[in-house]
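Below is one structure, written out as structure tokens, with a few remarks after it.
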Amino acid sequence: MTGTLDMLVSGGPIIAVLVVLSLISLTVIVVKIIQLWHVGGGRALRAAALEQWKGGDRHGAQKALEGGRSPADRVTAYAMRALAGGFKGAPLEAELTRRGNEELAQMNRLVRLLEIIAMISPLLGLLGTVLGMIQSFQELALAEGAANASTLAGGIWQALLTTAAGLLVAIPAAVAAGLFAARIETAAQNIESAVGELMLADQNPNI
């Protein structure tokens, strides 16, 4: 534990910034995992509700989706309520688009922050390395070639530490952002598919 603290202190302020970014990244990852856990589910529930809708049990279909936890469940449930109330045509399509965009905006929240952390962390690490190398060679120049090799090596090691730290922060953030984006894309496709099937079934009850 003491060795880790020594390394953090040796890395200077850039290491401190990377530690803060790491904590932010881990917090965001946990929050997004909890938020996006159910966004891709509910397909069986929506399929069963659609069959009820096709069979004429519109009330039962709406009730079936009331307990849905995914964005597609919520948007489809609203579409069913709107259709049952006689709200159709272009106004309904516009409202469904708005609700779908709101769901996507909610799911995408904080993902951009992870992408920014993944982008700037290696740059901060590289900056720390460059500054550390400059300092090490300045010390070598001031010593007029009489510097201790181990001292110089220690300075370079401390400088390279920031690059490693930057990569350690960036890699999990980049991986998480990519996985979250893929899950959000799946959820968006589920919304489009579920609403499309419902609108088609409403226009052609015999399908």
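The values are calculated or read from the model by the stated rules, or taken from the named source; none is laboratory data. Small disclaimer: the values here were computed from a predicted structure and weren't measured. A quick note on method: Cβ atoms are made from the backbone with ideal geometry, for glycine too, and the neighbour counts reach across all protein chains shown.
Pick out the one residue from Ala94, Ala77, Ala82, Ala146 that is farther than 28 Å from Thr27 by Cβ, outside any helix (DSSP H, G or I), modelled with pLDDT under 95 and not aromatic (Phe, Trp, Tyr). Even if it seems obvious, please write down each step before you answer.
Numbers: Ala94 fails: outside any helix (DSSP H, G or I); Ala77 fails: outside any helix (DSSP H, G or I); Ala82 fails: outside any helix (DSSP H, G or I).
On inspection, the qualifying residue turns out to be Ala146.
Before we move on, is Val175 without any contact (Cβ under 8 Å) to a residue 12 or more places away in the chain and over 22 Å from Gly100 (Cβ atoms)? Before you say what the answer is, go through the steps one by one.
Values: without any contact (Cβ under 8 Å) to a residue 12 or more places away in the chain: yes; over 22 Å from Gly100 (Cβ atoms): yes.
Against the criterion (without any contact (Cβ under 8 Å) to a residue 12 or more places away in the chain and over 22 Å from Gly100 (Cβ atoms)), Val175 qualifies.
Return the residues of segment 46-74 that are under 30 Å from Leu114 (Cβ atoms) and at pLDDT 85 or above; say none if nothing qualifies. Break it down into steps so the answer makes sense when it comes.
First, pick out the residues of segment 46-74 that are under 30 Å from Leu114 (Cβ atoms): 46, 68-74.
Answer for segment 46-74, where residues must be under 30 Å from Leu114 (Cβ atoms) and at pLDDT 85 or above: Arg46, Arg69, Ser70, Pro71, Ala72, Asp73, Arg74.
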